[in-house]
């Protein structure tokens with residue numbers, strides 16, 4: 001008969017498993033803090049927002065194991081999954097596209113990656129043909145090469161008579177707005193901490209003005225650091241440096257969106273704010289720019305939402321936001337083309 005007075009062996013593995021359940025639940029459940037806490041204040045929450053898809057998958061895995069073992073610790077992943085109700089509408093929508101809608105603004109935003117395909121062949125003409133086929137009449141482009149001129153864009157995008165472009169010089173990427181509608185009141189918003197910028201223009205549609213904002217926020221620099229991390233032998237220091245660089249870029253984007261928000265708040269016209277934000281929907285940057293604007297994907301999207309072709313297609317970082325007082329998204333879709341690491345976002349926007 002077993003002597004109950006004798007010390008029992010500690011079940012270290014089971015204890016560590018329970019601790020892992022609890023820690024994973026707490027970290028995953030804190031994802032909403034990324035929406036409210038500036039990265040300048042505490043950058044860790046932004047990292048939670050970035051890795052949230054993986055955290056949710058881990059919780060789902062733990063839930064399956066817990067249910068199989070009939071463990072009451074299954075409540076931990078359930079809490080974590082339910083705590084992220086704010087995230088799921090940003091990834092899954094079931095709106096039925098409006099057939100034959102008469103939206104006045106056939107809008108698109110696209111990070112064109114310098115118009116470079118494989119072997120550095122230009123993709124400009126293919127992209128122009130794609131937008132023409134889809135009857136797009138207003139386009140916001142990011143990462144235009146510095147040597148690409150307004151005349152170059154007009155020559156290739158022949159059905160876009162109105163073209164404006166940031167006036168930056170040197171090697172930095174530029175932004176452009178192209179439209180069949182007249183554009184005026186052009187302004188470039190520069191960010192002193194980094195060469196990224198935003199381009200504003202007022203567009204006249206049916207005798208009413210709509211303000212277009214084309215934004216390209218600070219990049220993560222992942223493409224620049226991944227080669228060192230993945231292929232060099234001694235990478236312990238490189239990982240530390242990479243995390244530091246990406247964390248710094250979170251902070252830069254925090255400053256940039258604060259600047260943009262103050263400008264957007266003073267717009268006298270309805271807004272369409274679009275571009276490559278380099279932020280997930282669970283981030284301070286996205287929430288700050290969105291404010292009271294509507295997200296076209298949430299209002300008119302259908303199916304799984306992503307705009308970045310790599311990282312297992314986990315991320316939506318290109319957006320079209322708009323003022324719902326005068327505008328309404330009728331149809332949202334992404335283009336199935338591979339001229340960039342991003343997908344083009346196409347939105348049919350009607351005027352109320």
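General observations
- Flag for residue 22 being touching a helix residue (DSSP H, G or I) at 6+ places or on another chain (Cβ under 8 Å) and at pLDDT 95 or above: no
- When the residues of segment 237-279 are filtered to those that are out of contact with any strand residue (DSSP E or B) (no Cβ under 7 Å at 6 or more places or on another chain) and outside any helix (DSSP H, G or I), the one that is nearest to residue 35 (Cα to Cα) is 279.
- Odd one out for residue 142, checked against (1) surrounded by fewer than 22 Cβ atoms within 10 Å (Cβ to Cβ); (2) assigned to a strand (DSSP E or B): (1)
- A single member of 318, 336 is without any contact (Cβ under 8 Å) to a residue 12 or more places away in the chain and closer than 22 Å to residue 132 by Cβ, and it is 336.
- Selection from segment 35-47 of residues that are in contact with a helix residue (DSSP H, G or I) (Cβ under 8 Å, 6 or more places away or on another chain), surrounded by fewer than 18 Cβ atoms within 10 Å (Cβ to Cβ) and assigned to a helix (DSSP H, G or I): 36, 47
Residue-wise test of (1) more than 28 Å from residue 346 (Cα to Cα); (2) crowded, with 17+ Cβ neighbours inside 10 Å; (3) touching a strand residue (DSSP E or B) at 6+ places or on another chain (Cβ under 7 Å).
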position: 11; (1), (2), (3): yes, no, no
position: 22; (1), (2), (3): yes, no, no
position: 29; (1), (2), (3): yes, yes, no
position: 33; (1), (2), (3): yes, no, no
position: 57; (1), (2), (3): yes, no, no
position: 74; (1), (2), (3): yes, yes, no
position: 82; (1), (2), (3): yes, no, no
position: 92; (1), (2), (3): no, no, yes
position: 101; (1), (2), (3): no, no, yes
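- Within segment 183-198, considering residues that are out of contact with any strand residue (DSSP E or B) (no Cβ under 7 Å at 6 or more places or on another chain) and in a strand (DSSP E or B), the one surrounded by the most Cβ atoms within 10 Å (Cβ to Cβ): 194
- Tabulated pairs, segment 143-158, first assigned by TED's automatic domain parsing to the domain that holds residue 216, second surrounded by fewer than 13 Cβ atoms within 10 Å (Cβ to Cβ) and at pLDDT below 95, C-beta under 7 angstrom, 6+ apart or interchain: 146/170; 146/171
Residue-wise test of (1) out of contact with any helix residue (DSSP H, G or I) (no Cβ under 7 Å at 6 or more places or on another chain); (2) in contact (Cβ under 8 Å) with a residue 24 or more places away in the chain; (3) under 17 Å from residue 281 (Cβ atoms).
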{"position": "63", "(1), (2), (3)": "no, no, no"}
{"position": "68", "(1), (2), (3)": "yes, no, no"}
{"position": "71", "(1), (2), (3)": "yes, no, no"}
{"position": "74", "(1), (2), (3)": "no, no, no"}
{"position": "78", "(1), (2), (3)": "no, no, no"}
{"position": "83", "(1), (2), (3)": "no, yes, yes"}
{"position": "87", "(1), (2), (3)": "no, yes, yes"}
{"position": "91", "(1), (2), (3)": "yes, yes, yes"}
{"position": "98", "(1), (2), (3)": "yes, yes, no"}
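- Subset of segment 298-314 [in a loop (DSSP other than H, G, I, E, B), closer than 15 Å to residue 337 by Cα and at pLDDT 95 or above]: 306, 307
The values are calculated or read from the model by the stated rules, or taken from the named source; none is laboratory data. Values in this document were obtained by computation on a predicted structure and should not be read as measured data. Every residue, glycine as well, gets a Cβ built from its backbone with ideal geometry; the counts of neighbours run over all protein chains shown.
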